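Here's the structure, in structure tokens; my notes come after.
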Amino acid sequence: MLLIPSTKVETIVKYLYCTLSAPPDMERIEEQFANLNIVKRSSGTTEPTYLLGIDASKTVQAEKESLIAVLCSNGSIRIYDKERLYILREFRGYPGLLNGVKFANSCDNIYSSCTDGTVKCWDARLASEKPVQLFKGYPSNIFISFDISCNDHVICAGTEKVDDDALLVFWDARINSQDLSTSKDPLGAYSETHSDDVTQVRFHPSNPNMVVSGSTDGLVNVFDISIDNEEDALVTTCNSVSSVSCIGWSGKDYKQIYCMTHDEGFCWWDLNHLDTDEPITRLNIQDVREVINVKGGILDYLVGGLYHEKMDKLFVVGGTNTGIIHLLSCTTAGLIHVTSLHGGHAATVRSFCWNMQDDSLLTGGEDAQLLLWKPGALDKAFTKKDSMKIASSVYQRVRVHSNDSYKRRKKQ
């Protein structure tokens, strides 16, 4: 007689309940995402690269000529015209490699952290490859993550661990027209709260003083940087028990945080419960591939999270090694497969950017393709392209997720 551990029984019951009691608006969400079709595919380039990160310009004037910034695995950032997906210009971090890409919130400046110990800032509308501002770190800093606050006043970058130090370094990001210097030194750093590479940094979407960081040490730390010292600024520490690959804010007033790990785990915490007797953990799944039920398919990896403000719902984006994109809805009972997007990518999808205004979606992957999805009819001129074979140096450049599906791992 086969005995199933009680923990597995609880998980199965939760997912059955979750599936059978999906809220009424789930059908509308499924229809909205399922109606997405490819309307543009990026123009080809001579150098095939993985597309690791995507961000869109947030300025008002950008509505007429919206810009897209894409981080590539060759260490460069490409600027695209969103509607045509033409490459307008390219920035490089030579001699270092760039990590992360982010537009400012109030202008078309583009930021990226660099392994040469700086955070670089370019004007995305200028052809000059020279940064308009350089934020210098401390000696031996190698920056692998960063973010800028919602009011564009503060930059925070995370470092690789060097000797015994894994730092969060801060700068004043405001550009003073009276100051002719193009480089800035740090305001200071946090050095006591992470013990390994700081892989993720995310400022709160509306509170410029709140920032969350994630590390390969498994810890996710929330800080209030308006408080003077690091020990007092640490609001709370959550433990994902695995190397952190993605973090973000969600929930009403963005008082929740979520985290994904390099072995496809998912955690979700509610900061509203910090001063109550209620547990702050809303969901903790060590390996999503073990428990998710994808209609007619499998899940190989997670890409990131998406908080839909209009629906007040958190979604997780995942996919398969053949380029299928899965959308999962988050509930306290578990993750539910909502819908999937087929026929776009031919390899692993590494990045996405969702536009709440027009419900469009940008996706980038290991097939070197940037795709624009919009609700409406499919343009049949856009067909699925073959995966491009990438030089072996790229595999050394990027930290990839575990590619083993749950079914394959079960055989071991």
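The values are calculated or read from the model by the stated rules, or taken from the named source; none is laboratory data. Please read all numbers here as calculations on a predicted model, not as lab measurements. Using ideal geometry, Cβ is built from the backbone for each residue, glycine included, and neighbour counts are taken over all protein chains shown. Surface areas here come from the heavy atoms of the whole protein model, side chains and all, with no ligands, DNA or RNA. Shrake-Rupley method; radii C 1.70, N 1.55, O 1.52, S 1.80 Å.
Before moving on, here are some points about what is shown:
- Search result, residues across the range 215-232 that are out of contact with any Ser or Thr (no Cβ under 7 Å at 6 or more places or on another chain) and surrounded by fewer than 20 Cβ atoms within 10 Å (Cβ to Cβ): Asp224, Ser226, Ile227, Asp228, Asn229, Glu231, Asp232
- Those residues of the range 241-254 which are among the polar types (S, T, N, Q) and within 20 Å of Leu314 (Cα to Cα), in sequence order: Ser245, Ser250
- Whether a residue is assigned to a strand (DSSP E or B) and on the phi < 0 side of the Ramachandran plot was assessed, and Thr322 does not pass this test.
- If you go through the range 347-360 and keep only what is at pLDDT 95 or above and either open to solvent by less than 30 Å² (accessible area, probe 1.4 Å) or more than 15 Å from Ser42 (Cβ to Cβ) (or both), you end up with Ala347, Thr348, Val349, Ser351, Cys353.
- Filtered residues of the range 217-249 (kept if over 25 Å from Leu187 (Cα atoms) and among the hydroxyl-bearing types (Ser, Thr, Tyr)): Ser240, Ser242, Ser243, Ser245
- Here Val212 passes the criteria (1) among the β-branched types (Val, Ile, Thr); (2) open to solvent by less than 70 Å² (accessible area, probe 1.4 Å); (3) touching a strand residue (DSSP E or B) at 6+ places or on another chain (Cβ under 7 Å); (4) in a loop (DSSP other than H, G, I, E, B) except the one numbered (4).
- Which numbered condition Val235 misses (of (1) open to solvent by less than 60 Å² (accessible area, probe 1.4 Å); (2) closer than 22 Å to Ser206 by Cβ; (3) among the hydrophobic types (A, V, I, L, M, F, W, C)): (1)
- Residue identified as of a type in the set (Ser, Thr, Tyr), under 19 Å from Ala166 (Cα atoms) and outside any helix (DSSP H, G or I) among Thr236, Thr276: Thr236
- Residues satisfying the stated conditions in the range 335-344, i.e. within 21 Å of Asp263 (Cβ to Cβ) and surrounded by 23 or more Cβ atoms within 10 Å (Cβ to Cβ): Leu335
- When residues in the range 57-77 are screened for being touching a Cys at 6+ places or on another chain (Cβ under 8 Å) and at pLDDT below 95, 1 of them pass.
- Which numbered condition Arg282 misses (of (1) closer than 27 Å to Tyr190 by Cα; (2) open to solvent by 30 Å² or more (accessible area, probe 1.4 Å)): (1)
- Within the range 238-262, the residues that satisfy the criterion of being open to solvent by 10 Å² or more (accessible area, probe 1.4 Å) and more than 18 Å from Gly100 (Cα to Cα) are Asn239, Val241, Ser242, Lys252, Asp253, Tyr254, Lys255, Gln256, Tyr258.
- Checking each residue in the range 281-298 for being closer than 15 Å to Leu219 by Cα and assigned to a loop (DSSP other than H, G, I, E, B) picks out only Gln286.
Residue-by-condition table, conditions (1) modelled with pLDDT of 95 or more; (2) of a type in the set (Asp, Glu); (3) closer than 21 Å to Val316 by Cα:
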| position | (1), (2), (3) |
| --- | --- |
| Asp217 | yes, yes, no |
| Asp228 | no, yes, no |
| Leu234 | yes, no, no |
| Asn239 | yes, no, yes |
| Cys259 | yes, no, yes |
| Phe266 | yes, no, yes |
| Asp277 | no, yes, no |
| Leu283 | yes, no, yes |
